[in-house]
Amino acid sequence: MLREIRPAIVLLLVLTAITGLAYPLAMTAVAGAIFPAQAQGSLIEKDGKVIGSALIGQEFKDDKYFHGRPSATLAPDPSDSTKTVSAPYNAANSGGSNLGPTSKALADRLKEDVDKLKSENPNAAVPVDLVTTSASGLDPDISPEAAQFQVPRIAKARNMPEDTLKQLVASTTQGRWLGLLGEPRVNVLALNLALDRVAAK
């Protein structure tokens, strides 16, 4: 009996060591050598201090900054652990709201967001990504159209020429990968950092 079980146990241990230890460690080492920044989480630094990641959005509420997509992520309510509260861009609880097209709560939020955005820029159509959440709730990017839509508000808040802001959006816009995959996009954190640099000149 032991002769039949021993090979199975040995094979289990060998495959566990290979696929559970050796392979992940080797891939981590290769990724760290070839793509060091990405392997560390695509962290963004300012003045030697980590202020975020290029892969996870952040909430910007000040009128002086570009705003990202809404985030539907939640966190436990500190005063009642059986409930949850809104926690935008909470990477520990990635996910959408699961509200469907017949949801009154979703319709009310969309109307409120659209009305607020139209008051900021009444002459332009509101880009859909400024009022809808991504599936993960962590999307760090917006469309170039969503960034351009916010230019009048930021120009007014910072007393800057709109043309300067439009050029900044164009210069930070990333194209399709290999010219084929994905859509043009603007990383909101990178754009706001560039905005601060331009405004400081």
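The values are calculated or read from the model by the stated rules, or taken from the named source; none is laboratory data. Every value quoted in this text rests on a predicted model; they were computed, and no experiment measured them. In this analysis, Cβ positions are derived from the backbone assuming ideal geometry, glycine residues included, and neighbour counts consider all displayed protein chains. Side chains included, ligands, DNA and RNA excluded: accessible areas come from the protein's heavy atoms. Shrake-Rupley method; radii C 1.70, N 1.55, O 1.52, S 1.80 Å.
Taking 0.36 nm per residue of separation and subtracting the current Cα-Cα distance, fully stretching the chain between A124 and I34 would add 28.0 nm. Magnitude of the charge dipole for the chain, about its Cα centre and with charges confined to Cβ atoms of Lys, Arg (+1) and Asp, Glu (-1), is about 220 debye. Label positions at D163 and Y23, each projected 7 Å from the Cα along the C-beta direction, are separated by 5.8 nm. Legend: residue pairs K46/K116; K64/K118; K156/K201; K83/K111, Cα-Cα distance threshold 28 Å; pairs beyond threshold, K46/K116. For the stretch 49-129, the square roots of the Cα gyration tensor eigenvalues, ordered a ≥ b ≥ c, give a/c of at least 1.5 with a/b no greater than b/c, which places it in the oblate category.
When only Cα pairs below 8 angstrom with a gap of at least 6 residues are kept, the stretch 20-175 shows a relative contact order of 22 percent.
If you take all other residues with their beta carbon under 15 Å from the beta carbon of P152, and give Lys and Arg +1 and Asp and Glu -1, the sum is +2. Using 1/(1 + (r/R0)^6) with R0 = 30 angstrom and r between the beta carbons of V114 and A170, what's the FRET efficiency to the nearest 0.05? Once the sixth-power term is evaluated, E becomes 0.75.
Compared with the direct C-alpha span, the chain from D80 to R197 gains 37.9 nm at full extension, assuming 0.36 nm per residue. Taking amide H as placed 1.01 Å from N in the peptide plane, I44 has its amide H under 5 Å from the amide H of I51, G52, S53, A54, each at least 5 places away in sequence or on another chain.
Here the spin labels are modelled as points 7 Å beyond Cα on the Cα-Cβ line, and at S103 and E45 they lie 4.0 nm apart.
Shown here is the pair-distance distribution of the chain: with all Cα-Cα distances grouped in 5 Å bins from zero up to the longest one, the shares run 1, 6, 11, 14, 15, 14, 11, 8, 6, 4, 3, 2, 2, 1, 1, 0, 0 percent.
As a fraction of the 1.4 Å probe accessible area of the stretch 1-78, surface on carbon and sulfur atoms comes out at 68 percent.
Length gained on full extension, V10 to F60: 12.5 nm, using 0.36 nm per residue less the C-alpha separation. The distance linking the stretch 159-194 with the stretch 34-75 is 15 Å (Cα centroid to Cα centroid, whole angstrom).
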